[in-house]
Amino acid sequence: MTASKVSISLDPLVAERARADIAAGRAKSLSAWLNDAARVRLEREELRDVLAAILDNAGGPLTPQELADARQRLAEVESR
């Protein structure tokens, strides 16, 4: 995989959290930390689109089971 170099500015609190995660071994580098965050956002957006399609196809509000499934999928994405 090739990488694209970019220059960014971060909110100080975000930068502080990223550095803390790197220091604690939760991320290999700032690039890895940001890439993981961006990937989670993309997955979340994809999930939102899937859930919207489910709602459109179901023709109405979610059933309790559908809502529970959606919450579980969202929790799985958020845990990454």
If the Cβ limit is 7 Å and pairs must be 6+ apart or interchain, which residue in segment 65-80 that is under 14 Å from GLU46 (Cα atoms) pairs with which residue that is open to solvent by less than 60 Å² (accessible area, probe 1.4 Å) and of a type outside the set (A, V, I, L, M)? VAL77/GLU43
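Residue-wise test of (1) open to solvent by 80 Å² or more (accessible area, probe 1.4 Å); (2) assigned to a helix (DSSP H, G or I); (3) closer than 18 Å to LYS5 by Cα.
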position: GLU16; (1), (2), (3): yes, yes, no
position: ILE22; (1), (2), (3): no, yes, no
position: ARG26; (1), (2), (3): yes, no, no
position: ALA32; (1), (2), (3): no, yes, yes
position: VAL40; (1), (2), (3): no, yes, no
position: GLU43; (1), (2), (3): no, yes, no
position: VAL50; (1), (2), (3): no, yes, no
position: ILE54; (1), (2), (3): no, yes, no
Taking into account only those residues within segment 56-74 that are open to solvent by 70 Å² or more (accessible area, probe 1.4 Å) and part of a helix (DSSP H, G or I), which is farthest from VAL14 (Cα to Cα)? ASN57
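The values are calculated or read from the model by the stated rules, or taken from the named source; none is laboratory data. Model, not experiment: these values are computed from the prediction. All Cβ positions, glycine included, derive from the backbone under ideal geometry; neighbour counts span all protein chains shown. With ligands, DNA and RNA removed, areas are computed over all heavy atoms of the protein, side chains included. Shrake-Rupley method; radii C 1.70, N 1.55, O 1.52, S 1.80 Å.
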